[in-house]
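Peer 1: I have a structure here, written as structure tokens, and I will follow up with some questions on it.
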Amino acid sequence: MNKRTFIAAACSAIATAALPVAGAHAQGDYPDKPIRVIMPWAAGGPTDVVGRVIAVQMGEILGQPLVIETRAGASGTIGTAQVAKAPADGYTLLMNPSVQGIYPAQFKNLNFDPIKDFRMVGVLGTVPMVAVVPPDSKFKTFGDLIKQAQAQPGSLTFASPGVATLPHLAGELINTSTKARITHVGYRGSSPALTDVAGGHVDLMYAPLAPALPLIQSGKIHPIAVTTKTRLAELPDVPTISESVLPGFDIVTWYGMWAPKDTPQPIIAKLNKVMIEASQSPKVVEALKSQGTLPSTMSYQEAEAFNLAESERWIKVMQDAGIQPE
């Protein structure tokens, strides 16, 4: 081998050996540029508000901003599909509520798999719900309400922000679990639904805490139970549904962060660690509290299992309730 050939071969060997080292170095330096976070819902909504609060704090910890990009439409599926097809390099993420797991039961022709095409980064926070009735309702306990619904099927109604929202599915699950029949009345959002509860036009609503709490405090609606397994600090005298009727009952709505399915595990782990750190900072805790949201400390493995269990649970509820995909 002459000198020129030897040098060329040596350079080639060095370059080849350096490739995995360079890749590891690049991953270790993650992130070295801004991260896009797709928000598949309209700006100003609860997912957007919660997502931005945590994204800003995560960016401060990582040293690179998380830039929210709104891609709203089709119940969140437009933006979600965009992330499913994005490069799996940790620079395109998705923030979505728990509705992501029930997309298969909502839509017939999805161009992505909401479970298999994603990896969970983590749960941003959970949102308790509270069962509320009109202020002059004759029902002072949740147990009394269920007893009438069992004795007189169809005599009572419950409001929700819309078909296949978690407040709607919570009502369907309670109907099935108690063998009661309370008729669903869907609205376009929580505000008009709560207005009709306050006015006595519907008998009940399983309402997210944030929009319900001011109305409870002003006496416009009355709380009779909470959906979480333990009582809420905001409503310490209101019993749980688990205490009242269904032992072990526990339902929350929640917000999560996802990445494309082939995103490397070290990146997922780093993002999860930073998310938990961000969500525990005092200013983020206070901001989440204003949205009726409790910070989460789930690992990415726990979040993945939780997401799968929630998806299976609510898809079955939809099927049992006869809710057909569009």
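Peer 1: Which one is farthest from Ala170 (Cα to Cα), of the residues in segment 73-103 that are at pLDDT below 95 and over 16 Å from the mean Cα position of the chain (by Cα)?
Peer 2: Gly73
Peer 1: I've got another one for you. Right, Thr227: open to solvent by 30 Å² or more (accessible area, probe 1.4 Å), among the hydroxyl-bearing types (Ser, Thr, Tyr) and either within 20 Å of Thr141 (Cβ to Cβ) or out of contact with any helix residue (DSSP H, G or I) (no Cβ under 7 Å at 6 or more places or on another chain) (or both) or not?
Peer 2: Considered against the rule, which asks whether it is open to solvent by 30 Å² or more (accessible area, probe 1.4 Å), among the hydroxyl-bearing types (Ser, Thr, Tyr) and either within 20 Å of Thr141 (Cβ to Cβ) or out of contact with any helix residue (DSSP H, G or I) (no Cβ under 7 Å at 6 or more places or on another chain) (or both), Thr227 comes out as no.
Peer 1: OK, next. Given the conditions (1) at pLDDT below 95; (2) open to solvent by less than 40 Å² (accessible area, probe 1.4 Å); (3) farther than 28 Å from Ile115 by Cα, report the number of the one that Ile241 does not fulfil.
Peer 2: The failed condition is (1).
Peer 1: Still on this structure, please answer the following. Scan segment 163-171 and tell me whether some residue there is free of Cβ contacts under 8 Å to residues at least 60 places away in the same chain, touching a Gly at 6+ places or on another chain (Cβ under 8 Å) and open to solvent by less than 20 Å² (accessible area, probe 1.4 Å).
Peer 2: Yes, some residue in segment 163-171 is free of Cβ contacts under 8 Å to residues at least 60 places away in the same chain, touching a Gly at 6+ places or on another chain (Cβ under 8 Å) and open to solvent by less than 20 Å² (accessible area, probe 1.4 Å).
Peer 1: If only one of Glu286, Glu277 is in contact with a helix residue (DSSP H, G or I) (Cβ under 7 Å, 6 or more places away or on another chain) and open to solvent by 80 Å² or more (accessible area, probe 1.4 Å), which one is it?
Peer 2: Glu277 is the lone residue from the list that is in contact with a helix residue (DSSP H, G or I) (Cβ under 7 Å, 6 or more places away or on another chain) and open to solvent by 80 Å² or more (accessible area, probe 1.4 Å).
Peer 1: Further, regarding this structure: Out of (1) assigned to a helix (DSSP H, G or I); (2) polar (S, T, N, Q); (3) over 19 Å from the mean Cα position of the chain (by Cα), what's the single condition that is false for Ser137?
Peer 2: If we test Ser137 against (1) assigned to a helix (DSSP H, G or I); (2) polar (S, T, N, Q); (3) over 19 Å from the mean Cα position of the chain (by Cα), just (1) comes out false.
Peer 1: Hey, Pro104 hits all of (1) open to solvent by 30 Å² or more (accessible area, probe 1.4 Å); (2) out of contact with any helix residue (DSSP H, G or I) (no Cβ under 7 Å at 6 or more places or on another chain); (3) in a helix (DSSP H, G or I) but one; which does it fall short on?
Peer 2: Looking at each condition in turn, Pro104 falls short on (2).
Peer 1: So, in segment 191-212, exactly how many residues are in a helix (DSSP H, G or I), small (Gly, Ala, Ser), touching a Pro at 6+ places or on another chain (Cβ under 7 Å) and crowded, with 22+ Cβ neighbours inside 10 Å?
Peer 2: 1
Peer 1: If you don't mind, there's one more thing I want to ask. Just checking, does segment 291-314 include any residue being touching a strand residue (DSSP E or B) at 6+ places or on another chain (Cβ under 7 Å), among the aliphatic types (A, V, I, L, M), open to solvent by 40 Å² or more (accessible area, probe 1.4 Å) and not in a helix (DSSP H, G or I)?
Peer 2: Yes, segment 291-314 has at least one match.
Peer 1: Name the pairs whose Cβ atoms lie under 8 Å apart, with the first residue in segment 27-54 and touching a residue at least 60 places away in the same chain (Cβ under 8 Å), the second acidic (Asp, Glu) and open to solvent by less than 10 Å² (accessible area, probe 1.4 Å), and 6 or more positions between them or separate chains?
Peer 2: As it stands, the answer is none, since no pair meets every condition given.
Peer 1: Then there's this: For segment 245-258, state whether one or more residues are assigned to a helix (DSSP H, G or I), touching a residue at least 40 places away in the same chain (Cβ under 8 Å) and of a type in the set (Phe, Trp, Tyr).
Peer 2: Within segment 245-258 (the criterion being assigned to a helix (DSSP H, G or I), touching a residue at least 40 places away in the same chain (Cβ under 8 Å) and of a type in the set (Phe, Trp, Tyr)), the answer is no, since none of the residues qualifies.
Peer 1: Could you tell me which residue of segment 120-134 is nearest to Ala42 (Cα to Cα), considering only residues that are over 14 Å from the mean Cα position of the chain (by Cα) and crowded, with 23+ Cβ neighbours inside 10 Å? Reasoning before the result, please.
Peer 2: Here is the first cut: in segment 120-134, the ones over 14 Å from the mean Cα position of the chain (by Cα) are 130-134.
Still in the running and crowded, with 23+ Cβ neighbours inside 10 Å: 130-133.
On the way: Val130: 25, Ala131: 27, Val132: 27, Val133: 29 Å.
Here the answer is Val130.
Peer 1: Please specify each residue of segment 69-90 satisfying the condition of being open to solvent by 30 Å² or more (accessible area, probe 1.4 Å), of a type outside the set (Asp, Glu) and not in a helix (DSSP H, G or I).
Peer 2: Selection gives Thr70, Arg71, Ala72, Lys85, Pro87, Ala88.
The values are calculated or read from the model by the stated rules, or taken from the named source; none is laboratory data. Because the structure is predicted, anything quoted here is derived from the model rather than measured. Every residue, glycine among them, receives a Cβ derived from its backbone with ideal geometry; neighbour counts consider all protein chains shown. Calculation scope for accessible area: heavy atoms of the full protein, side chains included, ligands and nucleic acids excluded. Shrake-Rupley method; radii C 1.70, N 1.55, O 1.52, S 1.80 Å.
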